[in-house]
1. For A:T4 and A:S214, what does the FRET efficiency come to when R0 = 45 Å and r is the distance between their Cβ atoms, rounded to the nearest 0.05?
2. Please label the shape of region A:368-514 as rounded, prolate or oblate, based on the square roots a ≥ b ≥ c of the eigenvalues of the alpha-carbon gyration tensor (a/c under 1.5 means rounded; beyond that, a/b larger than b/c means prolate, else oblate).
3. Using the alpha-carbon centroid of each, what span in Å lies between region A:122-139 and region A:28-47?
4. For region A:50-103 and region A:368-389, compute the distance between their C-alpha centroids and round to whole Å.
5. Within 10 Å of each Cβ in peptide B:43-52, how many partner chain Cβ atoms are there on average? Round it to a whole number, please.
6. By a straight-distance test (C-alpha under 29 Å), which lysines pair with A:K281 as possible cross-link partners, with residues fewer than eight away in the same chain excluded?
7. So what is the calculated 222 nm ellipticity per residue for the protein assembly as shown, using -39500 (n - 2.57) for each DSSP H run with n of 4 or more, over all residues, to the nearest 500 deg cm²/dmol?
8. Between A:D19 and A:T357, what is the label-point separation in nm under the 7 Å Cα-to-beta-carbon projection?
Amino acid sequence: MSLTLYIPRDSTALALGADRVAAAVAAEAAKRGVDLHLVRNGSRGMFWLEPLLEVATPTGRVAFGPVAVADVAGLFDADFGAGHPLCHGATEAIPYLQKQQRVTFARIGVTDPLSLDDYLAHEGYAGLRQALALDGAGIVAEVIQSGLRGRGGAGFPAGIKWKTVLGTPAAQKYVVCNADEGDSGTFSDRMVMEDDPYMLIEGMTIAALAVAASHGYIYVRAEYPHAIRALKQAIATAEEAGYLGADILGSGRGFTLEVRKAAGAYICGEETAMLESLEGKRGIVRAKPPLPAVVGLFGQPTVINNVISFASVPLILGRGATFYRDYGVGRSRGTLPFQLAGNIKHGGLVETAFGLTLRELLYDFGGGSLSGRPIRAVQMGGPLGAYLPESRFDTPLDYEAFAAIGAVLGHGGIVAIDDTVDMARQARYAMEFCAIESCGKCTPCRIGSSRGVEVIDRILTGRERTQNITLLRDLCDTMVQGSLCAMGGMTPYPVLSALNHFPEDFGVVMTAQAA
Amino acid sequence: LTGGSISATERVVLRETRLEAVSLGGDGSRQVTLEPVYCLGQCACGPALMVDDERLEVRVTAASFDNLVEDLREVAP
């Protein structure tokens, strides 16, 4: 009897015991004389079901989860049948997955991340082959046509950035991937690197062909050891197979790629501070202009994009710009892999076209809060994103609709917060975070954040509350207008949104009643 | 240590503060050092912690944390 099982190697699955389950499955199969083919795939992104074990059947893969070591013998006894209490039926019919539009994440959870053969069998490197048939301008035109905007947070059109690098003459150009994923509630970059590393490599290779860059760097968080290992192994395999190196698939064009460990500071995710860090210096923000596309790494023209931006490119080239552009609404084209985190029942990865509402994500996918209490607020877009109250949950998820309510989509991370959390303390934390993480180059961010903590403390202890709230708003205005980068420039988002939407937590309502 | 669920993380951090005092006892068992970390990319299953830049633990509770520390301290250095 032959049996094909899938147990993820994604680090979240590992943290939940996937390796122990895999070992138990292998031992049980040996004991029973079963010819086991065990695939260590990526995660489907349904983390409340991890470790998720799948069995191959003639009608497709069937899911069981969360599987503990103690469940393994019983699963064999039940012959991995639908009658087992952990069975969720056909994996792709699980509503959480079925309702998604897995475009960039199409392979993730399906394939063995490190198998190049698996990658090639699932549309891998189809985009690169198309790109090799085009010149740089042709590739750039395709990316512009797709409407892809930078997925790191700023949402700047990727193709326009590439066009600038293409049009800037230089003997040496670079492609840099910002994989210093550090926004609260985010893990989509990590999943791409661990669970489909060739996709990122292919996207960066296409970028290199587009702008005539010969070398690239992936700047990865040092706290992501599994991602670093997967990338290094995938780069070595791609090089051996001729997808990277001096002569890519016999085209005569070359591109080499290396992984760099990040410095462990939030500010190093800011693109110019990241360049400083890559150059071996302390991560301090550079003034712009000049743009990194013109004067970037080591002073050379440099394409800098986030992991998800590069990861979106192979499919855009492989299937054509129109395929990608047909997803989404308004000026937000394509899909975004949203990440549900915090106090949420069904945390995980939800990729959909832009246009869904926050409420649909929180309740239809997320299943409401884990604590069972009402979701009072969400923070979207990382530690510099606004806090949104329930009255904003019907806002469609697109860049412009969020800008219109003073919020950002950022990198698509959503942290749900229930009604036990004091929002004034969250506001104080935002200021404190800025004070700790500021690179110190500009005054509004360096000094403003420390003064901000003090002012919030005075508000919270009720000292001249009204005057100090005015002062806080003034200070936030200075930080927004005067900071060099988003660190100081966006810290007021969580601070002021907490104050505006939850004034009672700042004692404002109580004061009004007392007066 | 990092947190997806803010209040839960705070509880574990409190526990950690206590542990730091304990681990300096020097009774021959392995010493455990704690360092705060901003993010481990495990937000959907926080609070999370990492042991020796390799082993990840998620959905950490005060009880599971204590068990983990006991295990770690027993391993020969």
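1. The computed FRET efficiency comes out at 0.60.
2. Oblate, because a/c is 1.5 or more while a/b does not exceed b/c.
3. 35
4. 30
5. Average neighbour count from other chains, rounded to a whole number: 6.
6. Answer for A:K281, where 29 Å is the Cα cut-off: A:K161, A:K163, A:K173, A:K232, A:K261, A:K441, listed by chain and number.
7. About -12000 deg cm²/dmol.
8. 4.5
All of the numbers you see were taken from the coordinates with simple rules; none came from a lab. Remember, predicted model here, so these are calculated numbers, not experimental data. Neighbour counts run over all protein chains shown; Cβ positions are idealised from the backbone, glycine included.
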